[in-house]
C-alpha cells in the first residue's frame with residue numbers, strides 16, 4: 001500500500017469515527033430531552049392524583065366557591081391531555097391555568113378557618129406545593145436539555161448529521177407572562 005493510500009485510509013477512518021461520535025452525541029441529547037420530560041411527567045401524574053383529594057376536601061367547606069373548584073378540575077384535565085400528547089404549548093397554557101386556579105383556591109381557603117384547620121387539607125396543600133416546586137425544578141432541567149439539543153442540531157458540522165438523520169428541534173416548556181403572574185389575593189376577598 002502506498003503512503004498516499006495509507007494517508008487517505010487514515011483520514012477516512014478519522015472522519016468516520018468523528019461522524020459516529022457526532023451521531024451518538026445527538027442521540028444522547030435526544031434521549032436526555034425525553035428523559036427530562038419523563039421526569040416532569042411523573043410529577044404531573046402525582047399532582048394529578050392529589051388534586052381530586054384536595055378538591056373533595058374543599059367541597060366539604062367551600063360551598064360558595066364552586067367556580068374555583070371547577071376551574072382546578074378542568075385545568076387538571078387539560079394538563080393531563082397536553083402531557084399525554086407531549087404538546088408543550090398546550091401544556092404550558094394548561095399549567096398556567098392550573099397554577100392560577102390553585103392559587104385562587106389556596107387564597108380562598110383563608111376565608112374558611114375550619115378548612116385551614118383540617119389536617120387533610122393542610123397535608124394536601126403542602127404536598128401539592130412540594131410537587132409544584134419539583135415540577136418547576138424539573139421544567140428548568142427539561143428546558144436546559146432542549147436548549148442543548150437545539151443548539152447542537154443547528155451547529156456546524158452537527159447540523160449536517162442532524163439533517164441526514166432527521167433529528168428535530170424540541171420545544172421548550174414555557175408559560176405565558178399572565179399565566180405566571182401572582183394571583184391578586186385582595187380581589188379574591190371582595
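The values are calculated or read from the model by the stated rules, or taken from the named source; none is laboratory data. Owing to the predicted nature of the structure, the values given are computational and were not obtained by experimental measurement. Because the Cβ atoms are built from the backbone with ideal geometry, glycine has one as well, and the counts that use them run over all protein chains shown.
I'm checking my understanding of the structure. Among residues of region 161-190 that are assigned to a helix (DSSP H, G or I), exposed (fewer than 15 other Cβ atoms within 10 Å of the Cβ) and in contact with a helix residue (DSSP H, G or I) (Cβ under 7 Å, 6 or more places away or on another chain), which one is modelled with the lowest pLDDT? It would help to see each step written out before you state the result.
So in region 161-190, the residues assigned to a helix (DSSP H, G or I) come out as 161-164, 177-180, 185-188.
Now restrict to residues that are exposed (fewer than 15 other Cβ atoms within 10 Å of the Cβ): 163-164, 177-178, 180, 185-187.
Okay, now just the ones that are also in contact with a helix residue (DSSP H, G or I) (Cβ under 7 Å, 6 or more places away or on another chain), so 180, 185.
On the way: 180: 46, 185: 40.
Only one residue fits best here, namely 185.
For region 149-158, which residues satisfy the criterion of being assigned to a helix (DSSP H, G or I) and either touching a strand residue (DSSP E or B) at 6+ places or on another chain (Cβ under 6 Å) or surrounded by fewer than 14 Cβ atoms within 10 Å (Cβ to Cβ) (or both)?
Filtering region 149-158 down to residues assigned to a helix (DSSP H, G or I) leaves 149-154, 158.
Within region 149-158, 151, 154 meet the criteria.
Only one residue in 138, 86 is surrounded by fewer than 20 Cβ atoms within 10 Å (Cβ to Cβ) and either within 17 Å of residue 41 (Cβ to Cβ) or within 11 Å of the chain's Cα centre (by Cα) (or both), so which one is that? Outline the logic, then answer.
Working: 138 fails: surrounded by fewer than 20 Cβ atoms within 10 Å (Cβ to Cβ).
From the options 138, 86, the qualifying one is 86.
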